[in-house]
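Below: the structure, in structure tokens.
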Amino acid sequence: MNPKSFMLIAGEPSGDELAADLVHALRANLAHRNSPFAPRFFGAGGRHMAKAGVELELDMTAHSVIGFSDVVKSLLKFRRIFHRLLALAADRTPDAVVCIDFSGFNRRLAHAIRQRARSSPSLFNNWNPRLIQFVSPQVWASRPGRATFMARDYDLLLSIFPFEKEWYARHAPDLRVEFVGHPIVDRHASRPPGASNRPLDMRHPLVLLLPGSRTGELRRHLPVMLPAFQTIAGAIPGAQGLMVLPNEALMRQARAMVLPHGLELRCGGLPEALANASIAIASTGTVTMECAWFGVPTVAIYKTSWSTYQIGKRLVTVRFIAMPNILADREVFPELIQDAATPGRIATATLDLLRDPARHADVKNSLVQVAKNLGGPGASQRAADAILHLSGLDG
């Protein structure tokens with residue numbers, strides 16, 4: 001019996017962390033089953049995966065982009081990465097390929113891996129990898145027809161939001177979907193929903209700036225976030241600012257800007273920052289769910305290129321962009337998107353929340369309800385179970 005082999009591809013910092021949690025769960029699961037051989041993990045990701053023992057072919061998180069214009073600029077680079085990973089899969093022939101988030105790149109790679117496996121069977125090589133997508137792309141928000149292609153290219157979709165399984169049952173009934181719950185529940189198990197219990201001090205609030213995890217997001221968000229904080233600090237002289245970034249490369253990018261007085265930069269330590277924050281100004285990505293879990297009222301913003309925005313606004317069918325608002329089906333977090341995300345409007349929305357203790361408390365209470373709908377503890381373990389049960393991988 002050969003050791004189980006898993007290829008994992010994560011293209012963003014949030015996916016890198018999610019993949020690392022999954023690797024720990026898979027390893028523990030196989031050890032519990034008394035598997036005689038240690039599983040092998042390889043692929044592409046970031047520092048969390050490397051720390052979890054994944055043999056990295058390359059650091060994908062260093063190449064993370066978003067939006068049509070950024071993708072076009074990076075086409076040649078991603079084409080090289082694509083063919084490098086396809087060759088790696090064909091050479092190492094893993095039992096399972098787990099694609100974590102990063103849906104546009106990953107689905108095309110999964111399709112190519114499946115085609116490669118089907119085109120090269122032999123007496124000594126009957127490679128038939130199981131293809132898994134961990135975290136659903138937001139097909140329910142735009143271009144729902146992509147669900148059909150997912151059913152063609154994946155054997156299993158692991159969902160982290162409760163409404164997605166029913167959506168896929170209606171739009172892609174041939175796709176196997178398992179709701180495993182949100183990994184944030186385990187990641188912050190020692191901090192229950194609403195863990196930011198710091199009383200609101202309107203004279204000395206801690207304003208948390210979370211501009212994103214990609215260079216393009218910082219390039220577009222810092223020019224509006226930084227003057228917004230300066231306005232807030234001018235209106236509330238005792239206000240403190242803290243910007244948390246996930247890596248040193250983004251720290252260097254932020255330090256190249258002219259930073260307002262009273263704003264501290266920090267690499268990592270997001271949970272501790274959220275536990276003490278009065279309010280956040282955040283990019284409308286994964287981090288808004290972290291804000292929701294900790295019960296931090298947040299002004300959600302997003303700016304992208306003109307072309308990406310023009311395409312997106314014609315395709316998106318949901319009312320909100322920030323996931324906590326989608327889950328609550330109402331605007332819990334104020335959203336300022338594209339041209340609405342000006343320094344003045346960001347500052348006004350933030351000050352309005354800080355100066356209205358009743359509204360601030362109502363938002364915190366709403367976030368506790370959002371967090372309670374994310375499933376119970378054990379998301380990574382349930383994901384590992386589903387992967388290992390898929391077509392006998394637990395044998």
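May I ask you to list the residues in segment 120-137 that are surrounded by 18 or more Cβ atoms within 10 Å (Cβ to Cβ) and in a loop (DSSP other than H, G, I, E, B)? Explain how you work it out, then say what you get.
Residues of segment 120-137 that are surrounded by 18 or more Cβ atoms within 10 Å (Cβ to Cβ), as a first pass: 129-137.
Result: PRO129, VAL135, SER136, PRO137.
Would you pick out the residues in segment 238-249 that are out of contact with any Ser or Thr (no Cβ under 7 Å at 6 or more places or on another chain), at pLDDT below 95 and either part of a helix (DSSP H, G or I) or surrounded by 19 or more Cβ atoms within 10 Å (Cβ to Cβ) (or both)?
GLU248, ALA249
Look at ARG252 and say whether it is touching a Leu at 6+ places or on another chain (Cβ under 8 Å), free of Cβ contacts under 8 Å to residues at least 60 places away in the same chain and not in a loop (DSSP other than H, G, I, E, B).
Working: touching a Leu at 6+ places or on another chain (Cβ under 8 Å): no; free of Cβ contacts under 8 Å to residues at least 60 places away in the same chain: yes; not in a loop (DSSP other than H, G, I, E, B): yes.
Taking the combined requirement at face value, the residue does not satisfy it.
Quick check on this structure: which one of SER366, SER380 is closer than 28 Å to VAL224 by Cβ, among the polar types (S, T, N, Q) and either part of a helix (DSSP H, G or I) or touching a Lys or Arg at 6+ places or on another chain (Cβ under 6 Å) (or both)? Before you say what the answer is, go through the steps one by one.
Working: SER380 fails: closer than 28 Å to VAL224 by Cβ.
Result of the check over SER366, SER380: SER366.
When you look at ALA117, is it surrounded by fewer than 22 Cβ atoms within 10 Å (Cβ to Cβ), in contact (Cβ under 8 Å) with a residue 12 or more places away in the chain and in a loop (DSSP other than H, G, I, E, B), yes or no? Walk me through how you get there before you give the answer.
Working: surrounded by fewer than 22 Cβ atoms within 10 Å (Cβ to Cβ): yes; in contact (Cβ under 8 Å) with a residue 12 or more places away in the chain: yes; in a loop (DSSP other than H, G, I, E, B): no.
In short, no.
Looking at segment 312-335, can you tell me whether even one residue there is surrounded by fewer than 22 Cβ atoms within 10 Å (Cβ to Cβ), in contact with a Pro (Cβ under 9 Å, 6 or more places away or on another chain) and of a type in the set (Gly, Ala, Ser)?
No, segment 312-335 contains no residue that is surrounded by fewer than 22 Cβ atoms within 10 Å (Cβ to Cβ), in contact with a Pro (Cβ under 9 Å, 6 or more places away or on another chain) and of a type in the set (Gly, Ala, Ser).
Name every residue in segment 219-237 that is assigned to a loop (DSSP other than H, G, I, E, B) and touching a Pro at 6+ places or on another chain (Cβ under 8 Å), in order of residue number.
First, the residues of segment 219-237 that are assigned to a loop (DSSP other than H, G, I, E, B): 236-237.
Residue satisfying the conditions is ILE236 alone.
Looking only at segment 339-365, filter to residues that are of a type in the set (S, T, N, Q) and modelled with pLDDT of 95 or more; which one of those is farthest from PHE294 (Cα to Cα)?
In the first step, residues of segment 339-365 are kept if they are of a type in the set (S, T, N, Q); the result is 342, 348, 350, 365.
From what's left, modelled with pLDDT of 95 or more: 342, 348, 350.
Working: THR342: 26, THR348: 23, THR350: 17 Å.
Out of the qualifying residues, it is THR342.
Take the residues of segment 21-62 that are part of a strand (DSSP E or B) and under 20 Å from the mean Cα position of the chain (by Cα): which is nearest to ALA189 (Cα to Cα)?
Within segment 21-62, the first condition is being part of a strand (DSSP E or B), and the residues that meet it are 40-45, 55-59.
Filter once more, keeping what is under 20 Å from the mean Cα position of the chain (by Cα): 43-45, 56, 58-59.
Numbers: GLY43: 28, ALA44: 28, GLY45: 24, LEU56: 28, LEU58: 31, ASP59: 28 Å.
Among them, the one singled out is GLY45.
Within segment 361-369, identify whether any single residue is within 30 Å of HIS32 (Cβ to Cβ), touching a residue at least 60 places away in the same chain (Cβ under 8 Å), surrounded by 21 or more Cβ atoms within 10 Å (Cβ to Cβ) and within 20 Å of the chain's Cα centre (by Cα), and answer yes or no. Explain how you work it out, then say what you get.
Here is the first cut: in segment 361-369, the residues within 30 Å of HIS32 (Cβ to Cβ) are none.
The answer is no; no qualifying residue exists.
Just checking, does segment 260-280 include any residue being within 11 Å of LEU206 (Cβ to Cβ), in contact (Cβ under 8 Å) with a residue 60 or more places away in the chain and surrounded by fewer than 20 Cβ atoms within 10 Å (Cβ to Cβ)?
Yes, segment 260-280 contains a residue that is within 11 Å of LEU206 (Cβ to Cβ), in contact (Cβ under 8 Å) with a residue 60 or more places away in the chain and surrounded by fewer than 20 Cβ atoms within 10 Å (Cβ to Cβ).
Against the condition within 18 Å of PHE102 (Cβ to Cβ), surrounded by fewer than 17 Cβ atoms within 10 Å (Cβ to Cβ) and in contact with a helix residue (DSSP H, G or I) (Cβ under 8 Å, 6 or more places away or on another chain), how does ARG143 come out, does it pass? It would help to see each step written out before you state the result.
Working: within 18 Å of PHE102 (Cβ to Cβ): yes; surrounded by fewer than 17 Cβ atoms within 10 Å (Cβ to Cβ): yes; in contact with a helix residue (DSSP H, G or I) (Cβ under 8 Å, 6 or more places away or on another chain): yes.
So ARG143 passes the test.
Pairs needed: first member in segment 338-349, assigned to a loop (DSSP other than H, G, I, E, B); second member anywhere, of a type in the set (Lys, Arg); C-beta distance under 9 Å; at least 6 residues apart or different chains.
ALA341/ARG220; ALA341/LYS303
Could you say which residue among ALA195, ALA151 is surrounded by 17 or more Cβ atoms within 10 Å (Cβ to Cβ) and at pLDDT 95 or above? Working first, answer last.
Numbers: ALA195 fails: at pLDDT 95 or above.
Selected residue: ALA151, the only one of ALA195, ALA151 that is surrounded by 17 or more Cβ atoms within 10 Å (Cβ to Cβ) and at pLDDT 95 or above.
Is at least one residue of segment 160-167 assigned by TED's automatic domain parsing to the domain that holds SER14, touching a residue at least 12 places away in the same chain (Cβ under 8 Å), assigned to a helix (DSSP H, G or I) and more than 19 Å from the chain's Cα centre (by Cα)?
yes
Scan segment 334-343 and give yes if some residue there is assigned by TED's automatic domain parsing to the domain that holds GLU217 and among the β-branched types (Val, Ile, Thr), otherwise no. Don't jump to the end; show me each part of the working.
Applying the first criterion (assigned by TED's automatic domain parsing to the domain that holds GLU217) to segment 334-343 yields 334-343.
Narrowing the set further to residues that are among the β-branched types (Val, Ile, Thr) leaves 337, 342.
The answer is yes, given that some residue of segment 334-343 is assigned by TED's automatic domain parsing to the domain that holds GLU217 and among the β-branched types (Val, Ile, Thr).
Just one of the numbered conditions (1) buried (at least 20 other Cβ atoms within 10 Å of the Cβ); (2) under 21 Å from ALA110 (Cα atoms) is not true of LEU209; which one?
(2)
Is it the case that ARG214 is among the basic types (Lys, Arg), surrounded by 14 or more Cβ atoms within 10 Å (Cβ to Cβ), in the same structural domain as PHE294 (by TED's automatic domain parsing) and more than 17 Å from THR298 (Cβ to Cβ)?
Judged against the criteria, ARG214 is a match.
The values are calculated or read from the model by the stated rules, or taken from the named source; none is laboratory data. Here the structure is a predicted model, which is why all the values come from computation and not from measurement. Positions of Cβ are backbone-derived with ideal geometry, glycine not excepted, and every protein chain shown enters the neighbour counts.
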